[in-house]
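Since the structure comes first, as structure tokens, the remarks are kept for the end.
The values are calculated or read from the model by the stated rules, or taken from the named source; none is laboratory data. Computed from a prediction, not measured in an experiment: that's the story for all the values here. With ideal geometry, Cβ positions are generated from the backbone for all residues, glycine too; neighbour counts draw on all protein chains shown.
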């Protein structure tokens, strides 16, 4: 198998994943179906909400595809009455047996909570961390042994707002799934990142540390990027950062976006999940 | 290109007292080689090094991708059993390997050592000092050690060497299965979200039971 760069299984031609280094063996191996029927290998979502462009996708990583393990990450994006874009990314915690359940629950309930509360509070009075707490309750209440459903969760709200003044955003997270502001070709960390990644990273249910919070204004041409480790770590530490910064300088089409997330970088074989909200460049 | 690499050291006792088991161990290593060759997830993320020891210790196969090795060097019996030589060479080798991987820009996880022996060292009084240097908490690259007692092994000694887990063989089962399942478990935990740090603290999730082996209580010294 050594040095074999001819893929015997998978996409070819223009659909072949972009190799950012020596090709991995894992990526060329046939996928295996996983035992969970209602969590597909990949989900993709895309849309335009006024001046905002939204793309989101979550795919199994090469290792889960090879091993026949369910996708452990989850992603959700939605719009609220043409006034807000809501996004959530949950990153599976591999040690937890039903982490995919926790991730799905966390995304659904965090977004559900925001959709319920935002019309009353507006963005100004909103504490996005309340959405994390709503997700926490849902993960806890879903059955015995809540720890088996451990997951990280990052949520963000972007406001359409008045034309030409940018878009206010609020974000919060449990765990250290990376999130960025993509501006002028650089991924700037959205949250304060610990100097050393914590081996016992925080997660739902019952997080041990206070939620991380971030707020700001998304300017024309910038993008707000929520990721799981499978995307965020290579973005931060490898040439995948330069690759995606270039690819995302403008909002790609939905299928192109999915393809971009499938980049091949040996040993980075975790689930790939990202939700991106672009403030479109002003025309003229 | 930066990668996330788990270095894996298989350290085999090839003293005379192991003579009855070396054929099985050689078969086992060949099986491990074949198994990893067909396991792309493990093949991508691990690098293997084979060290044999008796009175002296030798790097039989330097750290590399197991899929790059055409044929593994066979273990052959030699006189004496110096654990001290094995531990000293292991520390030197790990130090050098980790430095080289980091210099190439890779993220290196805490190395894993598989120590296979019948647990009858001939340097009873001197090996513990070499062992202490290998597991020195001040040394950032100190490995997680999983020890396997082969044949008529001394359970106390085997239990003392494993920092993470220790197993006693109780049948005809080849350690290859055990090694492959550990390699799988370790690389799967490398994948785990948030379960690791750039300087090598890896949350180990390894099988608690390995077919054909009895788990020993790991004895903190």
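The figures follow:
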read-out: Hits in the range B:66-82 (condition: buried (at least 17 other Cβ atoms within 10 Å of the Cβ), under 17 Å from the mean Cα position of the chain (by Cα) and free of Cβ contacts under 8 Å to residues at least 60 places away in the same chain); value: B:66, B:72, B:82
read-out: Odd one out for residue B:127, checked against (1) in contact with a helix residue (DSSP H, G or I) (Cβ under 8 Å, 6 or more places away or on another chain); (2) surrounded by fewer than 16 Cβ atoms within 10 Å (Cβ to Cβ); (3) closer than 17 Å to residue B:83 by Cα; value: (2)
read-out: Answer from A:256, A:201, A:214, A:245 - the residue that is under 22 Å from residue A:49 (Cβ atoms) and surrounded by 16 or more Cβ atoms within 10 Å (Cβ to Cβ); value: A:214
read-out: Condition met for residue B:11 (farther than 29 Å from residue A:268 by Cβ and in contact with a helix residue (DSSP H, G or I) (Cβ under 7 Å, 6 or more places away or on another chain)); value: yes
read-out: Hits in the range B:1-29 - residues which are surrounded by fewer than 21 Cβ atoms within 10 Å (Cβ to Cβ) and either at the interface with another protein chain (Cβ under 10 Å from one of its Cβ atoms) or over 23 Å from residue B:152 (Cα atoms) (or both); value: B:1, B:2
read-out: Selected residue (only one of A:263, A:180, A:191, A:187 is closer than 27 Å to residue A:139 by Cα and modelled with pLDDT of 95 or more); value: A:180
read-out: Residue within the range B:41-57 that is more than 14 Å from chain A (Cβ to nearest Cβ), without any contact (Cβ under 8 Å) to a residue 60 or more places away in the chain and closer than 27 Å to residue A:26 by Cα present; value: yes
read-out: Restricting the range A:87-99 to residues that are more than 14 Å from residue A:201 (Cβ to Cβ) and buried (at least 24 other Cβ atoms within 10 Å of the Cβ), the residue that is nearest to the other protein chains (Cβ to nearest Cβ); value: A:89
read-out: Residues of the range A:87-118 that turn out to be closer than 22 Å to residue A:224 by Cα and at pLDDT below 95, as a count; value: 2
read-out: Considering residues of the range A:59-104 that are in contact (Cβ under 8 Å) with a residue 60 or more places away in the chain and out of contact with any helix residue (DSSP H, G or I) (no Cβ under 9 Å at 6 or more places or on another chain) only, the residue farthest from residue A:27 (Cα to Cα); value: A:82
read-out: Flag if residue A:174 is more than 14 Å from chain B (Cβ to nearest Cβ) and modelled with pLDDT of 90 or more; value: no
read-out: Filtered residues of the range A:217-242 (kept if away from chain B (no Cβ under 14 Å), crowded, with 19+ Cβ neighbours inside 10 Å and over 18 Å from residue A:88 (Cβ atoms)); value: A:222
read-out: Evaluation of residue B:102 against (1) in contact (Cβ under 8 Å) with a residue 12 or more places away in the chain; (2) under 30 Å from residue A:64 (Cα atoms); (3) in contact with a strand residue (DSSP E or B) (Cβ under 9 Å, 6 or more places away or on another chain) (one fails), failing number; value: (1)
read-out: Every residue from the range B:107-138 that is assigned to a loop (DSSP other than H, G, I, E, B) and within 14 Å of chain A (Cβ to nearest Cβ); value: B:109, B:110
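Residue-wise test of (1) within 19 Å of the chain's Cα centre (by Cα); (2) more than 14 Å from chain B (Cβ to nearest Cβ).
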site	(1), (2)
A:12	no, yes
A:21	no, no
A:24	no, no
A:29	no, no
A:40	yes, yes
A:50	no, yes
